[in-house]
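Novice: I have a structure I would like to understand better, so I am pasting it below and will then ask my questions one at a time.
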Amino acid sequence: MKTRKRASSGKQLPRDSVRLVKIAPGENACFWGDCLTGGYICVGWDEVGDLRKFKSKDDFKAAFERHCSYSPSWKGDELWTLMELQPGDKIIANNGLTRVVGVGTVKEPGYKWMPNRSPDGYYHSLFDLQLMGLEPSSMRVCLRPTLKGSEYWKFHNRKIRLPEHSHSRPDRNLLAERYRLFRSG
């Protein structure tokens with residue numbers, strides 16, 4: 001992976017390549033319905049709070065080890081990755097090690113701390129998944145033509161199975177709004 005330089009403002013400079021990251025939206029993708037409806041992906045380890053408050057990765061890692069001692073330290077590196085992603089980077093949303101539930105592209109504003117997202121946590125979020133839409137009446141996957149020929153194209157026009165638990169299902173009205181935005185983009 002290329003190391004990125006920082007501008008004098010402290011902002012990271014753009015990379016020459018796109019980064020691909022796999023993120024599980026909760027255990028067994030339990031927050032995928034919320035993510036799909038809201039156009040974001042979310043992860044846990046909320047105890048450390050908003051990642052933007054840390055001056056450096058080292059400061060963050062010290063806090064992660066203090067607050068999240070139940071997780072291996074490499075999980076802290078994975079969480080910090082959210083701060084390193086840039087618009088255009090790709091996200092694969094997964095359920096377990098082998099099941100893909102969605103594919104998206106990081107859009108502005110990128111990382112966002114969302115403490116009001118849910119009473120269940122998972123407040124670290126990335127916006128906005130727009131390579132995929134879900135047609136609300138048929139629940140069929142629609143992919144952007146830019147994915148034609150990719151490994152994801154096999155999901156195009158496939159009907160999805162809704163989660164068993166109703167609390168994990170997307171809100172149909174919000175899904176319709178997201179699909180309208182997907183179609184207009």
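Novice: I'd like the residue in the range 139-170 that is part of a loop (DSSP other than H, G, I, E, B) and closer than 19 Å to Ser184 by Cα and, out of all such residues, is modelled with the lowest pLDDT. Steps first, please.
Specialist: Narrowing the range 139-170 to residues part of a loop (DSSP other than H, G, I, E, B): 139, 144, 148-152, 156-158, 160-165, 169-170.
Now restrict to residues that are closer than 19 Å to Ser184 by Cα: 139, 144, 148, 156-157.
Numbers: Met139: 83, Arg144: 76, Lys148: 79, His156: 85, Asn157: 89.
If we take residues in the range 139-170 being part of a loop (DSSP other than H, G, I, E, B) and closer than 19 Å to Ser184 by Cα, then Arg144 is modelled with the lowest pLDDT.
Novice: Give the residues of the range 50-79 that are crowded, with 18+ Cβ neighbours inside 10 Å and within 19 Å of Arg19 (Cα to Cα), sorted by residue number. Spell out how you get there, then give the answer.
Specialist: We begin by selecting, within the range 50-79, every residue crowded, with 18+ Cβ neighbours inside 10 Å; these are 51, 54, 60, 64, 68, 76, 79.
If the condition is that a residue be crowded, with 18+ Cβ neighbours inside 10 Å and within 19 Å of Arg19 (Cα to Cα), then Gly76, Leu79 are the ones that fit.
Novice: Scan the helices (runs of 4 or more DSSP H) fully inside the range 28-90 and keep the ones with 3 or more residues being without any contact (Cβ under 8 Å) to a residue 24 or more places away in the chain. I'd like the intermediate steps shown before the answer.
Specialist: Details: elements: 32-38, 57-67, 73-84.
Result: 57-67, 73-84.
Novice: Return the only residue of Lys55, Lys61, Lys2, Lys90 being at pLDDT 80 or above and under 29 Å from Met132 (Cα atoms). Walk me through how you get there before you give the answer.
Specialist: Numbers: Lys55 fails: under 29 Å from Met132 (Cα atoms); Lys61 fails: under 29 Å from Met132 (Cα atoms); Lys2 fails: at pLDDT 80 or above.
None of the others qualify; the one that does is Lys90.
Novice: Of all residues being surrounded by 21 or more Cβ atoms within 10 Å (Cβ to Cβ) and touching a Phe, Trp or Tyr at 6+ places or on another chain (Cβ under 8 Å) in the range 27-44, which is modelled with the lowest pLDDT? Just the residue, please.
Specialist: Tyr40
Novice: So, of the residues in the range 93-124 that are of a type in the set (Val, Ile, Thr) and within 15 Å of Gly33 (Cα to Cα), which turns out to be surrounded by the fewest Cβ atoms within 10 Å (Cβ to Cβ)? Walk me through how you get there before you give the answer.
Specialist: To start, the set of residues in the range 93-124 that are of a type in the set (Val, Ile, Thr) comprises 98, 100-101, 103, 105-106.
From what is left, the residues that are within 15 Å of Gly33 (Cα to Cα) are 100-101, 103.
Details: Val100: 15, Val101: 20, Val103: 21.
Looking at residues that are of a type in the set (Val, Ile, Thr) and within 15 Å of Gly33 (Cα to Cα), I get Val100.
The values are calculated or read from the model by the stated rules, or taken from the named source; none is laboratory data. This is a predicted model, so every value here is computed, not measured. Glycine gets a Cβ as well: all are built from the backbone with ideal geometry, and neighbour counts include every protein chain shown.
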